[in-house]
Amino acid sequence: MRHLCLVILLVLAGTAGAAAQSAAPPVVQRPTPDFLFGEPKGSLGIRGSWLFARAGSDVFDFVQQHLTIDKGAFNTPAIGTDLAVAINPRLDVVVGFDYSQASVASEYRAFVDNNRQPIEQTTRLREANLGGTLRVALVPRGTGISRLAWIPARVTPYVGAGGGALWYEFTQQGDFIDVLSANRAVFTDNFRSTGWTPSAHALGGVGVRIQRRTYVTVEGRYLWAAAPLQRQFEDFDPIDLAGFRLSAGVNVLF
């Protein structure tokens with residue numbers, strides 16, 4: 001009898017608890033406001049790119065003619081970052097950094113060594129560009145609805161232009177043919193040219209807001225630069241470092 005009473009009390013207690021829980025009001029999570037407390041002061045972004053190198057100078061023509069290197073061999077992934085500071089509602093000053101590296105294994109097209117083996121080498125081009133940009137939004141970047149509340153625009157197209165300094169390193173390492181020798185002797189060497197040169201660029205893109213402070217960006221950027229090659233590449237014109245970058249990234253307002 002005692003056990004039966006204990007079971008009845010436990011059942012009644014469970015029923016009362018369930019009733020109290022169902023009678024309590026549901027918990028509703030407060031939605032995150034879709035506005036900012038004041039206009040942003042700038043943004044920080046990171047982007048991945050694909051570099052389409054123009055490779056228009058005679059040093060590239062030379063390696064494409066004599067080595068198994070194709071026209072698009074120096075197209076390569078790149079990474080970049082941008083720090084923007086707002087000057088007015090549509091104008092930003094942006095400091096950016098880009099880095100890329102292309103490495104191409106090759107051999108002579110028309111020659112082999114005395115053992116009928118390929119004469120192999122590796123050509124590498126590295127670039128790092130530090131630049132400044134004036135970036136203009138083509139539509140308002142947001143709307144102020146009070147002294148404190150500011151709603152970011154859903155889509156913001158922009159254009160920009162600027163300049164900077166580009167560092168490059170062009171190297172060729174491996175086996176080569178001495179064209180000046182009578183028997184076209186094969187030798188091993190490492191040719192290298194490096195330095196800094198001015199650069200200029202123009203860009204256009206669009207930012208699409210995916211969160212209150214976060215934008216996904218798609219951008220096209222063309223960069224112009226050329227630099228004289230060092231002594232190991234005597235009689236060549238300045239190396240062409242121009243190219244087009246197609247980028248996608250993320251920008252966060254602050």
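The values are calculated or read from the model by the stated rules, or taken from the named source; none is laboratory data. Bear in mind that the values here come from a model prediction, so they are computed numbers and not experimental data. With ideal geometry, Cβ positions are generated from the backbone for all residues, glycine too; neighbour counts draw on all protein chains shown.
One table, with the values for the structure above:
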read-out	value
Residue that is nearest to residue 154 (Cα to Cα), among those in the range 230-248 that are touching a residue at least 60 places away in the same chain (Cβ under 8 Å) and not in a strand (DSSP E or B)	242
Single match in 186, 250, 179 (criterion: hydrophobic (A, V, I, L, M, F, W, C) and surrounded by fewer than 14 Cβ atoms within 10 Å (Cβ to Cβ))	179
Neighbours by Cβ (under 7 Å, 6+ apart or cross-chain): first from the range 61-72, of a type in the set (Val, Ile, Thr); second surrounded by 16 or more Cβ atoms within 10 Å (Cβ to Cβ) and assigned to a helix (DSSP H, G or I)	69/63
Pairs where the first residue, in the range 217-229, is over 12 Å from residue 195 (Cα atoms) and among the polar types (S, T, N, Q) and the second is modelled with pLDDT of 95 or more and in a strand (DSSP E or B), C-beta under 6 Å, 6+ apart	217/205; 217/207; 217/249; 217/251
Tally, over the range 94-126, of residues that are β-branched (Val, Ile, Thr), in contact (Cβ under 8 Å) with a residue 60 or more places away in the chain and under 30 Å from residue 137 (Cβ atoms)	1
Among the candidates 147, 141, residue that is in contact with a Gly (Cβ under 9 Å, 6 or more places away or on another chain), of a type in the set (D, E, K, R), in contact (Cβ under 8 Å) with a residue 24 or more places away in the chain and under 30 Å from residue 211 (Cβ atoms)	141
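For every residue, the table says whether it meets (1) within 28 Å of residue 84 (Cα to Cα); (2) free of Cβ contacts under 8 Å to residues at least 12 places away in the same chain; (3) not aromatic (Phe, Trp, Tyr).
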residue	(1), (2), (3)
153	yes, no, yes
160	yes, no, yes
173	no, no, yes
185	no, yes, yes
188	no, no, yes
197	yes, no, yes
202	yes, no, yes
208	yes, no, yes
